[in-house]
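Okay, so here's the structure we're looking at.
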Amino acid sequence: MDLEEKLRILGGAARYDVSCSSSGVRRPARAGKLGDCARYGVCHSWSDDGRCISLLKVLFSNHCVYDCAYCANRASVSRPRASFTPRELADLTMDFYRRNYIEGLFLSSAVWVSPDYTMERLLLTARLLRQEEGFNGYIHLKAIPGASPELIRQAGIYADRMSVNIELPSEGSLRLLAPDKRKEDILGPMGEVAEHISANREERKRFRRAPAFVPAGQSTQLIVGATPESDLRIVELAEGLYRRYGLKRVYYSAFVPVSDDPRLPRLESPPLLREHRLYQADWLIRHYHFTSGELLDEERPQLDEQLDPKSGWALRHPEFFPVEVNRADYEELLRVPGLGVRSARRIIQARRVHSLDFEDLGKIGVALKRARYFITCRGRYYSGARVSEEEIRRNIGTLCGTSRGRAGKANQLRLFGDDGGLRGVEDAITSASGEI
Amino acid sequence: MGVILVYDGGFEGLLCALSRSLEEGEAPDDILPVGAGAQGSLFADQVVVEADPECAMRMCSRVCECVSRRALRKCLYAFLSEEEGREVRILEYLRLGFQVGAEVDSHLHRDFVRAVRDMARRTAHEAHRMRGFLRFRLLDGGMYYAPMEARCDVLRLVAPHFARRLEGQDWIIHDLVRGWAALCRGGEPSFVEMPELAVDLCERERRVQGLWRDYFRAIAVAERRNPRLQKNLMPERYWRMLVEIPREH
Ligand code: SF4
């Protein structure tokens with residue numbers, strides 16, 4: 001099989017992995033090596049589904065001995081199979097990198113022969129790139145569930161980021177849909193990587209030249225909509241992963257039906273809007289210090305599809321508002337619907353020299369579409385009067401109409417953008433950030 | 001009768017023009033690059049300001065000391081945005097800067113502070129895009145060649161990035177819009193005029209490009225197809241620089 005065919009099969013097979021981030025590590029260029037890494041990461045292209053391409057994201061092999069129901073590569077289906085060699089992958093990575101197509105390699109794999117055999121192939125590829133080719137760009141490696149700790153430790157020496165995909169948000173679902181994988185096979189490697197990372201951090205405090213272990217941290221991915229877990233369960237799980245394992249990112253992937261296995265739900269289209277709301281909730285937890293308990297509870301275990309989670313929280317907490325923009329601290333500003341990091345910083349910067357009114361806010365580029373219901377400027381509400389909750393709900397109730405007759409097509413819905421203009425949910429969806 | 005200051009079109013020249021109007025204390029009607037002001041005005045004299053490297057250097061250190069390094073950088077980036085009217089905005093920004101010091105950036109309620117910030121941001125953004133969108137093609141003879149069509153004059157900003165990262169690789173970044181290029185054969189990049197260049201791709205190049213296109217198509221999830229989002233993030237004006245071409249085309 002020629003390389004073109006392999007790339008089509010194994011690139012295509014990797015497309016359901018959401019992560020393509022190349023950020024989180026800064027590694028200056030070094031003499032005799034090719035490449036560097038910028039902390040902010042670089043996107044090189046955007047594919048037809050609007051997702052950023054930053055890394056060459058491929059499976060090493062799609063031969064699989066396991067049989068997970070939700071997966072297109074499971075053992076029981078017949079489909080074209082292929083495997084790279086470490087040499088082929090190293091050459092591809094170097095060729096693409098030299099042409100500025102990519103920031104580096106994201107290498108994952110199906111479980112070919114056995115977890116250890118597969119993990120070894122990934123390790124060999126990374127070692128070839130780092131040691132023989134002198135590649136100094138970004139490498140993201142999958143930790144294969146069930147692989148031995150020693151292989152995972154070695155891989156972490158070459159990788160900037162590692163990830164183990166949890167995929168299914170509960171043990172019960174895992175048992176049902178991925179019978180070959182045990183919970184420990186997934187959490188084991190994740191725990192080991194987490195331990196090595198924190199040990200390495202201590203070591204580097206004492207010896208600054210000690211080599212870094214997985215400096216950009218770990219991430220994982222959860223499939224949304226293939227199994228019955230509520231948003232509450234999912235958000236709690238993510239929160240726990242951030243706390244207990246120090247994960248850098250949890251990605252959410254709207255379930256795309258790839259088989260007619262009777263254990264799987266029938267969906268007309270992937271639940272993109274739900275995925276989008278989860279990213280928003282995740283963003284609130286990571287950047288704005290919200291807790292899962294503030295966003296969801298047993299009485300309301302699902303995120304409101306009609307309203308972004310911050311607006312939802314704000315409407316449930318009228319006692320927190322209004323927030324006076326000339327006095328509120330940064331954290332308080334961040335809790336205002338419609339204000340994000342950038343707006344909050346601008347407000348704080350501008351008010352140092354000038355007391356702000358609504359007109360000033362507009363001028364410095366703060367969108368008032370949603371925020372105006374929750375703030376005061378010099379003690380005054382926007383256009384003088386307070387409005388009722390229903391009215392707020394109606395006005396920001398972010399969705400302002402669905403295109404009839406195309407049921408289920410979440411990306412036909414329209415949203416108010418932060419800039420106050422209309423924009424498609426589609427523009428926010430699939431950006432995998434959830435920034436609000 | 002007002003004056004219009006005419007400078008040579010470069011950043012150094014602009015600094016000299018700015019220095020002069022700040023010293024004189026009288027605001028010029030306009031500051032224009034040579035050539036742009038040819039139509040002249042009945043009500044203003046045109047005064048040509050010579051670019052003087054020493055004067056420009058002095059101005060730089062004054063801005064750094066009395067305002068901030070950040071402000072100087074902002075002025076440079078705003079200048080590189082090539083937006084019409086940027087010179088006078090920069091002048092107003094610096095004039096306030098010399099009054100209030102580093103705090104000038106907080107005066108966002110003033111139009112020109114915002115204007116300078118926005119122009120600077122546009123340039124920075126464009127430079128960042130180029131770091132992503134440039135595509136090098138391997139030519140016969142071992143040189144890597146990347147054509148560039150950027151909206152702002154970012155060549156000097158992006159060249160050092162590639163000099164660091166593509167160690168041991170010879171390359172040219174060709175700014176097709178402005179007719180010049182950065183050239184790097186190890187070490188520091190140099191800058192040369194380059195109106196046009198006929199290039200011959202090497203044999204292997206076509207194969208690698210084909211592989212990249214294969215990958216580009218394979219990685220998209222059909223069920224999530226979203227050309228509008230794709231275009232927002234990767235505007236069509238850059239597609240000619242790319243090797244991969246989005247589906248519709
Ligand atoms: S282990 Fe499961 S999810 Fe992974 S490739 Fe094999 S079948 Fe698919």
Kindly provide the set of residues from region A:56-69 that are in a loop (DSSP other than H, G, I, E, B), away from chain B (no Cβ under 14 Å) and within 26 Å of the chain's Cα centre (by Cα), ordered by number. A:F60, A:C64, A:Y66, A:D67, A:C68, A:A69
Can you go through A:G11, A:G24, A:G32, A:G50 and tell me which one is within 9 Å of chain B (Cβ to nearest Cβ) and in contact with a strand residue (DSSP E or B) (Cβ under 8 Å, 6 or more places away or on another chain)? A:G11
Selected residue [within 13 Å of the ligand (Cβ to nearest atom) and in a helix (DSSP H, G or I)] from A:L174, A:L129: A:L174
Any chance A:T85 is more than 14 Å from every other protein chain (Cβ to nearest Cβ), away from the ligand (no atom under 16 Å from the Cβ) and under 17 Å from A:D17 (Cβ atoms): no
A:R74 - would you say it is away from the ligand (no atom under 16 Å from the Cβ), in a loop (DSSP other than H, G, I, E, B) and basic (K, R)? no
Qualifying residues in region A:135-164 (those that are surrounded by fewer than 23 Cβ atoms within 10 Å (Cβ to Cβ), in a loop (DSSP other than H, G, I, E, B) and more than 14 Å from every other protein chain (Cβ to nearest Cβ)) - the one farthest from the ligand (Cβ to nearest atom): A:S148
Criterion: modelled with pLDDT of 90 or more, assigned to a loop (DSSP other than H, G, I, E, B), more than 16 Å from the ligand (Cβ to nearest atom) and not β-branched (V, I, T) - qualifying residue of A:E195, A:E229: A:E229
Cβ-Cβ below 9 Å, separation at least six or inter-chain, first residue in region B:56-72 and among the polar types (S, T, N, Q), second at pLDDT below 95 and exposed (fewer than 14 other Cβ atoms within 10 Å of the Cβ): which pairs? B:S68/B:G101; B:S68/B:A102
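Limited to region A:58-105, what total is found for residues that are of a type in the set (A, V, I, L, M) and farther than 28 Å from B:E167 by Cα? Show your work before the answer.
Narrowing region A:58-105 to residues of a type in the set (A, V, I, L, M): A:58-59, A:65, A:69, A:72, A:75, A:77, A:82, A:89-90, A:92, A:94, A:102, A:105.
Okay, now just the ones that are also farther than 28 Å from B:E167 by Cα, so A:59, A:65, A:69, A:72, A:75, A:77, A:82.
The total comes to 7.
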Breaking point among (1) at pLDDT below 95; (2) within 14 Å of another protein chain (Cβ to nearest Cβ), for B:A198: (2)
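Restricting attention to region A:91-109, does a residue exist that is part of a loop (DSSP other than H, G, I, E, B), under 27 Å from A:K248 (Cβ atoms) and facing chain B (nearest Cβ under 8 Å)?
Within region A:91-109 (the criterion being part of a loop (DSSP other than H, G, I, E, B), under 27 Å from A:K248 (Cβ atoms) and facing chain B (nearest Cβ under 8 Å)), the answer is yes, since at least one residue qualifies.
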Per the filter on region A:204-218, residues surrounded by 10 or more Cβ atoms within 10 Å (Cβ to Cβ) and not charged (D, E, K, R) are A:A210, A:P211, A:A212, A:F213, A:V214, A:P215, A:A216, A:G217, A:Q218
Considering region B:165-195, residues that are farther than 13 Å from B:M148 by Cα and exposed (fewer than 13 other Cβ atoms within 10 Å of the Cβ), and then whichever is nearest to the other protein chains (Cβ to nearest Cβ), we arrive at B:G168
Can you report the number of residues in region B:77-114 which are buried (at least 19 other Cβ atoms within 10 Å of the Cβ), under 16 Å from the mean Cα position of the chain (by Cα) and either part of a helix (DSSP H, G or I) or without any contact (Cβ under 8 Å) to a residue 12 or more places away in the chain (or both)? 7
Filter region B:116-125 for residues that are more than 11 Å from every other protein chain (Cβ to nearest Cβ) and surrounded by fewer than 21 Cβ atoms within 10 Å (Cβ to Cβ) and give the result. B:R122, B:A124, B:H125
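Could you pull out the residue among A:E268, A:E236, A:E275 that is in a loop (DSSP other than H, G, I, E, B), in contact with a Gly (Cβ under 9 Å, 6 or more places away or on another chain) and in contact (Cβ under 8 Å) with a residue 24 or more places away in the chain? Break it down into steps so the answer makes sense when it comes.
Numbers: A:E236 fails: in a loop (DSSP other than H, G, I, E, B); A:E275 fails: in a loop (DSSP other than H, G, I, E, B).
After ruling out the rest, the residue left standing is A:E268.
Select from region A:346-381 the residues that are within 11 Å of chain B (Cβ to nearest Cβ) and in a helix (DSSP H, G or I) and list them in ascending order. Give the derivation first.
Residues of region A:346-381 that are within 11 Å of chain B (Cβ to nearest Cβ), as a first pass: A:346-357, A:359-366.
Hits for region A:346-381 are A:R346, A:I347, A:I348, A:Q349, A:A350, A:R351, A:E359, A:D360, A:L361, A:G362, A:K363.
The values are calculated or read from the model by the stated rules, or taken from the named source; none is laboratory data. This one's a predicted model, so the numbers in the text were calculated from it and none came from an experiment. Reconstructed Cβ throughout: ideal geometry from the backbone, glycine too, with neighbour counts over all protein chains shown.
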